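The values are calculated or read from the model by the stated rules, or taken from the named source; none is laboratory data. Please read all numbers here as calculations on a predicted model, not as lab measurements. So basically every Cβ, Gly included, is an ideal-geometry build from the backbone, and we count neighbours across all protein chains shown. Please note that ligands, DNA and RNA were not included when accessible areas were found on the heavy atoms of the full protein model with its side chains. Shrake-Rupley method; radii C 1.70, N 1.55, O 1.52, S 1.80 Å.
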Amino acid sequence: RKEVEQDPGPFNVPEGATVAFNCTYSNSASQSFFWYRQDCRKEPKLLMSVYSSGNEDGRFTAQLNRASQYISLLIRDSKLSDSATYLCVVNPKRYSTLTFGKGTMLLVSP
Amino acid sequence: EPEVTQTPSHQVTQMGQEVILRCVPISNHLYFYWYRQILGQKVEFLVSFYNNEISEKSEIFDDQFSVERPDGSNFTLKIRSTKLEDSAMYFCASLPSGDYNEQFFGPGTRLTVL
(Lines give C-alpha, C1' and ligand atoms only; values in the text may rest on other atoms or scores of the structure.)
Protein backbone atom coordinates (compact mmCIF):
# COMPACT_ATOMS: atom_id res chain seq x y z
CA ARG A 1 0.00 0.00 0.00
CA LYS A 2 1.33 3.45 -0.93
CA GLU A 3 2.28 5.62 2.04
CA VAL A 4 0.07 8.52 1.03
CA GLU A 5 -2.49 7.99 -1.67
CA GLN A 6 -4.47 10.59 -3.57
CA ASP A 7 -6.67 10.66 -6.64
CA PRO A 8 -4.45 12.38 -9.24
CA GLY A 9 -7.38 14.07 -10.99
CA PRO A 10 -7.54 16.42 -12.76
CA PHE A 11 -10.65 17.87 -11.21
CA ASN A 12 -12.14 20.35 -13.66
CA VAL A 13 -14.60 22.71 -11.97
CA PRO A 14 -16.18 26.05 -12.84
CA GLU A 15 -15.54 29.15 -10.79
CA GLY A 16 -17.70 29.22 -7.70
CA ALA A 17 -17.93 25.45 -7.39
CA THR A 18 -17.21 23.45 -4.26
CA VAL A 19 -14.67 20.68 -4.65
CA ALA A 20 -13.40 18.04 -2.23
CA PHE A 21 -10.17 16.07 -2.24
CA ASN A 22 -9.41 12.96 -0.25
CA CYS A 23 -6.26 11.27 0.86
CA THR A 24 -5.40 8.09 2.75
CA TYR A 25 -2.19 7.30 4.58
CA SER A 26 -0.72 3.98 5.64
CA ASN A 27 1.34 4.83 8.74
CA SER A 28 -1.05 4.77 11.66
CA ALA A 29 1.64 6.31 13.90
CA SER A 30 1.70 9.52 11.85
CA GLN A 31 1.42 12.60 14.00
CA SER A 32 1.05 15.64 11.77
CA PHE A 33 -0.94 16.18 8.64
CA PHE A 34 -0.90 18.95 6.09
CA TRP A 35 -2.24 20.11 2.79
CA TYR A 36 0.34 21.79 0.58
CA ARG A 37 -0.30 23.54 -2.68
CA GLN A 38 2.11 23.27 -5.61
CA ASP A 39 1.96 25.39 -8.72
CA CYS A 40 3.58 24.05 -11.88
CA ARG A 41 7.36 23.67 -11.43
CA LYS A 42 7.29 25.60 -8.15
CA GLU A 43 7.98 24.63 -4.58
CA PRO A 44 5.29 23.17 -2.32
CA LYS A 45 3.69 25.80 -0.11
CA LEU A 46 1.78 25.05 3.06
CA LEU A 47 -1.94 25.57 2.62
CA MET A 48 -3.01 24.40 6.05
CA SER A 49 -2.30 21.95 8.82
CA VAL A 50 -4.99 19.36 9.54
CA TYR A 51 -6.25 18.64 13.04
CA SER A 52 -8.45 15.87 14.38
CA SER A 53 -11.12 18.37 15.31
CA GLY A 54 -11.21 19.72 11.78
CA ASN A 55 -10.15 23.20 10.88
CA GLU A 56 -11.18 25.95 8.55
CA ASP A 57 -9.26 28.78 6.89
CA GLY A 58 -11.51 31.00 4.84
CA ARG A 59 -12.82 28.94 1.93
CA PHE A 60 -10.75 25.91 2.89
CA THR A 61 -11.79 23.22 5.36
CA ALA A 62 -9.64 20.25 6.32
CA GLN A 63 -10.69 17.13 8.18
CA LEU A 64 -8.75 14.23 9.66
CA ASN A 65 -10.13 10.82 10.54
CA ARG A 66 -7.41 8.95 12.40
CA ALA A 67 -9.43 5.74 12.70
CA SER A 68 -9.83 5.51 8.94
CA GLN A 69 -6.44 7.12 8.21
CA TYR A 70 -8.19 9.56 5.94
CA ILE A 71 -7.70 13.27 5.31
CA SER A 72 -9.91 15.59 3.31
CA LEU A 73 -9.80 19.11 1.91
CA LEU A 74 -12.88 21.06 0.89
CA ILE A 75 -12.62 24.19 -1.20
CA ARG A 76 -15.70 26.38 -1.41
CA ASP A 77 -16.39 29.10 -3.98
CA SER A 78 -13.44 28.06 -6.19
CA LYS A 79 -11.38 30.84 -7.77
CA LEU A 80 -9.31 30.69 -10.94
CA SER A 81 -6.26 31.19 -8.71
CA ASP A 82 -7.04 27.93 -6.89
CA SER A 83 -5.86 26.02 -9.97
CA ALA A 84 -2.86 24.04 -8.73
CA THR A 85 -1.87 20.61 -7.49
CA TYR A 86 -2.89 19.88 -3.89
CA LEU A 87 -0.49 17.66 -1.98
CA CYS A 88 -1.50 15.59 1.01
CA VAL A 89 1.46 15.42 3.37
CA VAL A 90 2.04 13.32 6.46
CA ASN A 91 4.71 13.63 9.13
CA PRO A 92 5.46 10.60 11.35
CA LYS A 93 7.01 12.69 14.11
CA ARG A 94 8.09 16.23 14.84
CA TYR A 95 11.20 17.34 12.94
CA SER A 96 11.04 14.23 10.81
CA THR A 97 10.77 13.96 7.07
CA LEU A 98 7.54 14.77 5.30
CA THR A 99 5.87 12.06 3.23
CA PHE A 100 4.06 13.46 0.22
CA GLY A 101 1.23 12.12 -1.84
CA LYS A 102 1.50 12.50 -5.57
CA GLY A 103 -1.05 15.29 -5.53
CA THR A 104 -4.46 16.05 -6.96
CA MET A 105 -4.64 18.52 -9.80
CA LEU A 106 -7.39 21.13 -9.72
CA LEU A 107 -8.33 23.19 -12.76
CA VAL A 108 -10.82 25.99 -12.19
CA SER A 109 -12.31 27.44 -15.35
CA PRO A 110 -14.24 30.69 -15.94
CA GLU B 1 9.34 37.80 5.32
CA PRO B 2 12.40 35.53 5.57
CA GLU B 3 12.64 32.81 2.97
CA VAL B 4 14.76 29.86 1.93
CA THR B 5 16.88 30.59 -1.13
CA GLN B 6 18.50 28.15 -3.53
CA THR B 7 21.12 28.51 -6.24
CA PRO B 8 21.35 27.94 -9.09
CA SER B 9 17.76 27.90 -10.27
CA HIS B 10 18.72 25.61 -13.14
CA GLN B 11 21.82 23.47 -13.53
CA VAL B 12 22.69 21.51 -16.65
CA THR B 13 25.47 18.97 -16.39
CA GLN B 14 26.94 16.01 -18.21
CA MET B 15 26.50 12.50 -16.87
CA GLY B 16 29.34 11.60 -14.53
CA GLN B 17 30.03 15.18 -13.47
CA GLU B 18 29.83 16.42 -9.91
CA VAL B 19 27.27 19.05 -8.99
CA ILE B 20 26.77 21.09 -5.85
CA LEU B 21 23.36 22.53 -5.12
CA ARG B 22 23.26 25.38 -2.64
CA CYS B 23 20.66 26.46 -0.15
CA VAL B 24 20.49 29.26 2.38
CA PRO B 25 17.93 28.27 5.01
CA ILE B 26 16.06 30.79 7.14
CA SER B 27 18.56 32.15 9.61
CA ASN B 28 17.15 30.96 12.95
CA HIS B 29 16.10 27.54 11.71
CA LEU B 30 17.84 24.45 13.05
CA TYR B 31 16.56 21.55 10.94
CA PHE B 32 17.38 21.25 7.26
CA TYR B 33 16.12 18.93 4.54
CA TRP B 34 16.63 18.05 0.92
CA TYR B 35 13.81 16.66 -1.19
CA ARG B 36 13.63 15.92 -4.87
CA GLN B 37 10.82 15.72 -7.38
CA ILE B 38 11.26 13.94 -10.69
CA LEU B 39 9.01 15.46 -13.35
CA GLY B 40 5.47 14.16 -12.99
CA GLN B 41 6.21 12.31 -9.76
CA LYS B 42 5.78 13.00 -6.07
CA VAL B 43 8.12 14.94 -3.83
CA GLU B 44 10.56 12.48 -2.22
CA PHE B 45 12.66 12.89 0.89
CA LEU B 46 16.42 12.63 0.54
CA VAL B 47 18.06 13.65 3.80
CA SER B 48 17.59 15.64 6.97
CA PHE B 49 20.33 17.45 8.88
CA TYR B 50 20.47 18.72 12.45
CA ASN B 51 23.27 19.78 14.74
CA ASN B 52 25.84 19.36 11.97
CA GLU B 53 25.01 15.78 11.20
CA ILE B 54 22.61 13.70 9.16
CA SER B 55 19.58 12.74 11.24
CA GLU B 56 17.68 10.72 8.61
CA LYS B 57 18.25 9.65 5.05
CA SER B 58 16.25 7.75 2.47
CA GLU B 59 17.24 4.87 0.24
CA ILE B 60 17.75 7.36 -2.56
CA PHE B 61 20.52 9.07 -0.60
CA ASP B 62 23.32 6.65 -1.48
CA ASP B 63 27.09 7.12 -1.48
CA GLN B 64 26.86 9.43 -4.47
CA PHE B 65 25.17 12.05 -2.31
CA SER B 66 26.55 14.13 0.52
CA VAL B 67 25.43 17.16 2.48
CA GLU B 68 27.36 19.87 4.25
CA ARG B 69 26.77 22.97 6.23
CA PRO B 70 30.17 24.57 5.58
CA ASP B 71 29.41 27.83 7.40
CA GLY B 72 26.61 29.32 9.44
CA SER B 73 24.37 30.00 6.48
CA ASN B 74 24.82 27.60 3.54
CA PHE B 75 23.51 24.06 3.29
CA THR B 76 24.76 22.13 0.27
CA LEU B 77 23.87 18.92 -1.52
CA LYS B 78 26.63 17.32 -3.58
CA ILE B 79 26.08 14.63 -6.17
CA ARG B 80 29.47 13.10 -6.95
CA SER B 81 28.86 11.43 -10.28
CA THR B 82 25.54 12.40 -11.77
CA LYS B 83 23.33 9.92 -13.60
CA LEU B 84 20.56 10.60 -16.07
CA GLU B 85 18.01 9.58 -13.43
CA ASP B 86 19.24 12.33 -11.11
CA SER B 87 17.45 14.85 -13.33
CA ALA B 88 14.82 16.39 -11.07
CA MET B 89 13.82 19.46 -9.06
CA TYR B 90 15.74 19.56 -5.80
CA PHE B 91 14.08 21.41 -2.95
CA CYS B 92 15.73 22.52 0.24
CA ALA B 93 13.57 23.05 3.32
CA SER B 94 14.16 24.28 6.83
CA LEU B 95 12.31 24.16 10.12
CA PRO B 96 12.72 26.10 13.35
CA SER B 97 12.79 24.39 16.71
CA GLY B 98 9.92 24.61 19.14
CA ASP B 99 6.25 24.06 18.55
CA TYR B 100 6.20 25.31 15.00
CA ASN B 101 5.97 22.38 12.59
CA GLU B 102 5.90 23.94 9.12
CA GLN B 103 8.82 23.15 6.84
CA PHE B 104 9.62 26.14 4.64
CA PHE B 105 10.65 25.20 1.12
CA GLY B 106 13.04 27.00 -1.18
CA PRO B 107 12.15 27.60 -4.85
CA GLY B 108 14.16 24.61 -5.99
CA THR B 109 17.02 23.87 -8.36
CA ARG B 110 16.15 22.15 -11.58
CA LEU B 111 18.94 19.69 -12.36
CA THR B 112 19.21 18.38 -15.90
CA VAL B 113 21.72 15.60 -16.54
CA LEU B 114 22.59 15.02 -20.20
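Just a few scattered comments:
- A simple count of charges around A:PRO110, restricted to other residues whose Cβ falls under 12 Å of its Cβ and scoring Lys, Arg +1 and Asp, Glu -1, yields 0.
- Per residue of A:42-48, other chain Cβ atoms within 10 Å of the residue Cβ number 5 on average.
- Highest-fluctuation residue, B:LYS42, B:LYS83, B:LYS57 considered, GNM on chain B with Cα pairs under 10 Å: B:LYS42
- The distance between label points at A:LEU46 and A:ASN22 comes to 2.8 nm (points 7 Å beyond Cα on the Cα→Cβ vector).
- Cut-off 13 Å between beta-carbons: net charge of the residues surrounding B:TRP34, Lys and Arg +1, Asp and Glu -1: 0
- Label separation (A:TYR70 vs B:LEU114): 5.1 nm, computed from points 7 Å beyond Cα along the C-beta direction.
- The protein assembly as shown: Cys lacking any partner C-beta under 4.7 angstrom: A:CYS40
- When accessible surface is computed with a 1.4 Å probe, chains B and A are found to bury approximately 1900 Å² between them, both chains counted.
- Think of a 1.4 Å ball rolled over the protein heavy atoms: chain B then has 51 Å² of accessible area per residue.
- Largest mean-square fluctuation among A:TYR95, A:TYR70, A:TYR51, in a Gaussian network model of chain A whose springs join Cα atoms under 10 Å apart, belongs to A:TYR95.
- Per-residue mean of foreign Cβ neighbours for A:92-103 is 6 (Cβ atoms of other chains, 10 Å radius).
- Within the listed set B:ASN101, B:ASN52, B:ASN74, the Gaussian network model of chain B (springs between alpha-carbon atoms below 10 Å) gives the highest mean-square fluctuation for B:ASN101.
- Neighbouring Cβ atoms from other chains, within 10 Å of the Cβ of residues in B:53-60, number 1 on average.
- Of the whole protein surface, B:HIS29 contributes about 10 Å² of accessible area at a 1.4 Å probe radius.
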